[in-house]
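Note sheet for the following structure.
The numbers here are math on the coordinates, done by the rules we state, and not lab data. Predicted model only: the values in this text are computed from it and were never measured. Methodologically, a virtual Cβ is constructed for each residue, glycine included, from the backbone with ideal geometry; neighbour enumeration extends over all protein chains shown.
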Amino acid sequence: MIHWHYVLSEIVHRWRRTSVSISLIAFSIGVLIVVNAVGDSFQRAFRAPLEDMGATVTVQRSGDVPEKMEGPVLPCSVAPIHQQETEKVVQLPGVQSMSQALLMWDFDPKGFRIIVGVRPEDDSGPALLKKALVSGRFLDKNEENSAVLDLTFARNANLEPGQTLEIWDRPFNIVGVVDSSRISQLATAQVYLPLSAARKIAAESSGVKAVHTFEKDDSNLLFVRADRDRSDELARQIKEIMGEKATVSTPTSFQEMLGSVFVLTDKFSLAISVLSLLVAFFLVARTTAANVRERRPEIGTMKAVGWTRKDILGQIGSETLIIILLGMVGGLVLGFVAAKALSLVTISIPIPWEMSPRPHFMPGGGDQLTRDVRLHVSISPVLMASAFLASLLIGIGSAWAMARSITRLKPSEVLRYE
Amino acid sequence: MNEIIKTQDLSKHFDGIEPVRNVNLSVNRREFATLLGASGSGKSTLLGLIGGLENPTQGKVLIAGQDLANLNEDQLALLRREKIGFVFQAFNLIPTLPAIENVGFPLYPTRVPAQERKDRSLELLKKVGLEVRANNLPSELSGGERQRVAIARALINNPRLILCDEPTGNLDSKTGKDIIELLAQLIDDSDVTIFMVTHDDKVAQYASRTFFMKDGEVKES
C-alpha cells in the first residue's frame, strides 16, 4: 500500500534532490525529442524541392552542348531519355507512378523562350501547374495546338489567353496563364505545350538533330513517384539503366549538397538519442542509489518497524515514478519549446545547376537557385511515445538500482549508534 | 506462553570477532529487563538478533515461542510489525513527517484506515504528553520530545515486546529519567515486555531483571 502523503512530503522536503533528478530527466528527454524532431524536419526539408513537383526522384541525363544556339535545342543537362529506358524505369520495384516532360530552349529571332512539354493528365512534374492557374484554363490531353504561358513571361510579352503564339513557325493558341513560381523552381518554363507537340518540334528541329538522336516518344525529364524508403536504391537502379551520365536527384542528393554536417546530424541522431538516454539512465540510477544511501537510516527504520521489502520498494519507487513523470513532462515541454524556436529557422537548399531550366549564359542564369524551406520541427505521437518508453526505461533502471541498494541494506548496521 | 524472549546458545561472528557468545537468556511477559554493558560489549548486536534485524551464526531466538530461524526477511518484518516495537538511541524518526505521522508510520503499509491510524497516533501522543506537538516536524522537537514520539511509535501496533537500544543515550539525565519512567509506566498500563540495552546502570533500579554483558557473554545479576 503506497502512502501518497509520505511520497509527496519526501518529494517536497527534499526539493534539491528532486529538482536535480527532474532536470536531468527533462534534459535527456528534451534532447531525445529535439534531436529526432530536427532530424525528421531536415528529412522533410530535403524532400521539399522534389515534392514540389510531386516526385520522390527526378531523372535527367547530360549530353552534348548544342552546336548553334538557333531554333529549338535541348540544353546539355537534359539529353533525350528514350522510351525503352522510360519503360524499364517505370517497372522498377517501388515505383508508383511516373511523369514525363520535355525541356527545350527556343532561340527564336524574336526572343529566347524556355519551353516545357507537359502531359496534362500526369499527377506529378510540370502538370501540377494546373493548380497554379491565374487565368484561362490548363492544357487538355487531346489538344495539340494549345499553349499555357508563365505569368511573368505573359506580362513581359504582353500576351493573354485568346491570342496566338508562334513557335518555330507553328501557331499555338494561348489558353491560360500560370504562376510557375507557386509550384517549383524545377522544370519551370515560360511556355508550356502539350508533350506531343513539344516532341514533334524537337524531333524536327535541326538544332536537336545535330547532336542527339531524338525519337518521337522520347522525353528528357522523368518525375518518379516511389516509396520514400526505396529512393536511394531506386536511384542506383535507374543509373544502371541510364548510364553514368544520368542525373538522379533524391532527398539524399539534396542533403549531400548541404554538406557533411547535415549528413552527420542525420547519421548520428540515433547515436545522440541513445547516448542521451544512457547518460540519463546512468545519472538517474546514480541519483537513486545516492537517494537510497542518504536515506539509509530511514529505510533501516522502515525495515525495523515492519515494512517489507515490497512496501519499501513501492514507497520509494512511487517517489521515483513521480519524479520520472515530472521529468518526462518537463522534457516534453522543453522539446515543444525548442521545436517552436527551431521552426522559425529557414534553410536554403541549393538546386543543382543541371536542374535549373535557365541557360547559365543568359542574364541571371548562372545564379545559384535555392529552395528556402522552413524547418517545421514537430513532435509526432510516435516521438512522444518513444519519450515515454525512454522514461520508462530510466524508471526501470533506477528501480533496479534502488532494489539492489535496499536489499543490501542491513537495518542493524544503519540504526546502531554506539 | 509466559516467555516472550528466549535465546538458546546464541552466537554471532563477523570480521573475526564474536560479539555474542553462547547467550542463553529468557524474558517473561510484562517484565522490564535491562542489559547493561560497556560500549562494544555486544549489547546492540544481541538486541539486533532478538529483533530479527541480524541473523545468528549459531543458536536460536524465539519470540513468543516463534523460532526466528524459520522466517524469511519479509516474515521477520511482519513479525516485527505485529509483535515488536523499537526505540533507538538516535530516535530514527522520519524527518519529513510531523510527529503524528511518525507515530502512525509502522501502520502505513497496513490496511488500518487513515482516520483510525490518526486517532490511535493522537491517543499515544497524549499518553506521552505530546498531543500539542502533533503537527511539528522532528526538527522542531527537543531530544526528549523526539524520544517520546519514538516511544509512541513503538506502541502503535500494540506490541508484546519493546526493544530499546540506549534510549537515553542522547538525552540529558533529567530527560533520560523521565523517558525511563515513561517506559516503566507502560508495563503497569499494558501487556507489554521491555528489553532495554543500556550502559547506564542507574536504569537498572527501574528494571525487574538485569543482565550484564561482557565480551559477548551474558550473565544475570
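Some notes on this structure:
- Summing Lys and Arg as +1 and Asp and Glu as -1 over all other residues whose Cβ lies under 15 Å from the Cβ of B:Arg29 gives a net charge of 0.
- Averaged over the residues of peptide A:274-281, the number of Cβ atoms from other protein chains lying within 10 Å of each residue's Cβ is 0.
- A helix-only calculation puts chain A at -16500 deg cm²/dmol for mean residue ellipticity at 222 nm, using -39500 (n - 2.57) for each DSSP H run of at least four residues, averaged over all residues.
- Average Cα contact separation per residue, chain A, under 8 Å, 6 or more apart, as relative contact order %: 27
- On full extension, the segment bounded by A:Arg404 and A:Trp4 gains 141.7 nm, given 0.36 nm per residue less the C-alpha separation.
- Peptide A:161-174 has a mean of 0 when you count, residue by residue, the C-beta atoms of other protein chains within 10 Å of its C-beta.
- Cross-link reach list, aspartates and glutamates versus B:Lys118, counting only Cα pairs under 12 Å and skipping chain neighbours closer than eight places: B:Glu101, B:Glu131
- Shown in residue order for region A:20-33 are the 3J(HN,Hα) couplings computed by the Karplus curve 6.51 cos²θ - 1.76 cosθ + 1.60 at θ = phi - 60°: 5, 5, 4, 5, 4, 5, 4, 4, 5, 5, x, 4, 4, 5 Hz (x for Gly and Pro).
- Relative contact order %, region B:35-171, counting alpha carbon pairs below 8 Å whose residues are six or more apart: 32
- Directionally averaged projected area (convex hull, Cα atoms, region B:141-194), nm²: 3.5
- Highest to lowest packing among A:402-413, A:308-319, B:67-78, scored as the average C-beta count within 10 Å: A:308-319, A:402-413, B:67-78
- Leading residue at positive end of dipole, region A:31-113 (Cβ point charges), from A:Val38, A:Leu92, A:Gly111: A:Val38
- Degrees separating the helix B:73-83 axis from the principal Cα axis of chain B, which is the longest one: 60
- To the nearest ten degrees, helix A:231-242 and the longest principal axis of the Cα atoms of chain A are 30 degrees apart.
- Spin-label proximity, A:Asn156 to region A:98-134 - amide N less than 14 Å from point 7 Å beyond Cα toward beta carbon: A:106-108, A:110-115
- Simple spin-label estimate for A:Val20 and A:Phe388 in nanometres, 7 Å along Cα-Cβ: 3.1
- For region B:146-221, the relative contact order is 28 percent, taking Cα pairs closer than 8 Å that sit 6 or more residues apart in sequence and dividing their mean separation by the residue count.
- Between B:Asp189 and B:Glu82, the FRET efficiency from the beta-carbon distance, with R0 = 30 Å, is close to 0.90.
- Rounded if a/c under 1.5, otherwise prolate or oblate - region A:152-213, Cα gyration tensor axes: oblate
- Label-to-label distance, nm, for residues given as A:Asp232 and B:Asp201 (7 Å Cα→Cβ offset): 8.7
- Interchain or long-range residues, amide H under 5 Å from A:Ala210's placed H: none
- From phi via Karplus (6.51, -1.76, 1.60), per-residue ³J(HN,Hα) for region B:134-145 in Hz, x at Gly/Pro: 4, 9, 8, 6, x, 5, 9, 10, 6, x, x, 5
- Cα→Cβ-extended label distance, 7 Å offset, between B:Glu73 and B:Glu220, nm: 3.5
- Comparing mean-square fluctuations of B:Pro19, B:Pro159, B:Pro113 from a GNM of chain B with C-alpha springs under 10 Å, the top value falls on B:Pro113.
- Charge tally around B:Glu116: other residues with Cβ under 15 Å, Lys/Arg +1 each, Asp/Glu -1 each, net +1.
- Look at the stretch B:157-167: the mean tally of other chain Cβ atoms within 10 Å of its residues' Cβ atoms is 1.
- Proximal lysines to A:Lys340, defined as alpha-carbon separation beneath 30 angstrom and excluding residues fewer than eight positions away on the same chain: A:Lys267
- Nearest-0.05 FRET efficiency for A:Gln83 and A:Glu204, computed from C-beta distance (R0 22 Å): 0.80
- Label-zone membership for region B:72-104, site B:Asp119, 7 angstrom Cα→C-beta point, backbone N under 16 Å: B:104
- A:Arg137-A:Trp168 FRET efficiency (beta carbon distance; Förster radius 25 Å; 0.05 resolution): 0.55
- Close amide-amide hydrogen proximity is noted between B:Ile162 and B:Gly85, B:Thr193, B:Ile194, B:Phe195, each under 5 Å apart and 5 or more residues distant or on a separate chain (H modeled in the peptide plane; Pro and chain starts excluded).
- Exceeding the 20 Å Cα-Cα cut-off - candidates B:Lys12/B:Lys219; B:Lys174/B:Lys202; B:Lys60/B:Lys202; A:Lys131/A:Lys200: B:Lys60/B:Lys202; A:Lys131/A:Lys200
- Taking θ as phi - 60° and the Karplus parameters 6.51, -1.76 and 1.60, the scalar couplings of region B:184-191 work out to 5, 4, 4, 4, 6, 8, 9, 8 Hz in sequence order, x denoting glycine and proline.
- Distant-in-sequence amide H partners of B:Leu25 (H built 1.01 Å from N, under 5 Å): B:Thr7
- For the protein assembly as shown, the percent of C-alpha pairs falling in each 20 Å distance bin, counted from 0 to the bin holding the largest distance, reads 16, 29, 16, 14, 16, 9, 0.
- Residue among A:Pro126, B:Leu25, A:Ala55 farthest towards the positive dipole end of the protein assembly as shown, charges placed on Cβ: B:Leu25
- Using Cβ point charges alone (K and R +1, D and E -1), the dipole size of the protein assembly as shown about the Cα centre works out to roughly 1740 debye.
- Residues of region A:49-75 with amide N under 15 Å of a point placed 7 Å along Cα→Cβ from A:Ser97: A:51-57
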